[in-house]
Amino acid sequence: MLETTNGPRLPFAVLSSGRDSRRKGFPDSGSEWRPHPGEAAAYMTRAYILIETAVGKTGEVAERLRLLESMKTVDAVTGPFDIVAVAEAETLNAIGDLISEGMHRIPGIVKTITCLSVSKRD
């Protein structure tokens, strides 16, 4: 984690509205916080997406998810969710677009929970 004079700074893009941008360590300018130019190559926004599907739709939904460009893996699983998908993109906005414009248009998806990773790329 990187340190700033205001405390730790997370090295990934964070969307900020007026209220969120006043949190400790977040700049007040602009609508999106991006990494510094030297950090950009080292970090990628990765999302682990937990997906609940309608009964009998898991296979069809998984196949459609695999067609989306930013999806790295799509696995059918047991437990409270039916599919766990991993997506990667350069910005948080791109992950948001993937979910709202791509995934939520696929019939059979009932619910999603998105967990963001901030790990450094290898």
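This table checks each residue for (1) assigned to a helix (DSSP H, G or I); (2) among the hydroxyl-bearing types (Ser, Thr, Tyr); (3) touching a strand residue (DSSP E or B) at 6+ places or on another chain (Cβ under 7 Å).
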{"position": "Glu88", "(1), (2), (3)": "no, no, yes"}
{"position": "Pro107", "(1), (2), (3)": "no, no, no"}
{"position": "Thr112", "(1), (2), (3)": "no, yes, yes"}
{"position": "Cys115", "(1), (2), (3)": "no, no, yes"}
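(1) free of Cβ contacts under 8 Å to residues at least 24 places away in the same chain; (2) out of contact with any strand residue (DSSP E or B) (no Cβ under 7 Å at 6 or more places or on another chain): which one isn't true of Val74, the others all being true?
The failed condition is (2).
Given the residues Leu68, Leu92, which is the only one that is of a type outside the set (Lys, Arg) and closer than 15 Å to Met44 by Cβ? Spell out how you get there, then give the answer.
Numbers: Leu68 fails: closer than 15 Å to Met44 by Cβ.
Going through Leu68, Leu92 in turn, just one is of a type outside the set (Lys, Arg) and closer than 15 Å to Met44 by Cβ: Leu92.
Read the figures in this text as sums done on the coordinates, not as results from a lab. Fair warning: this is a prediction, and the values are worked out from it, not measured in the lab. Positions of Cβ are generated from backbone atoms using ideal geometry, with glycine treated the same way; all protein chains shown enter the neighbour counts.
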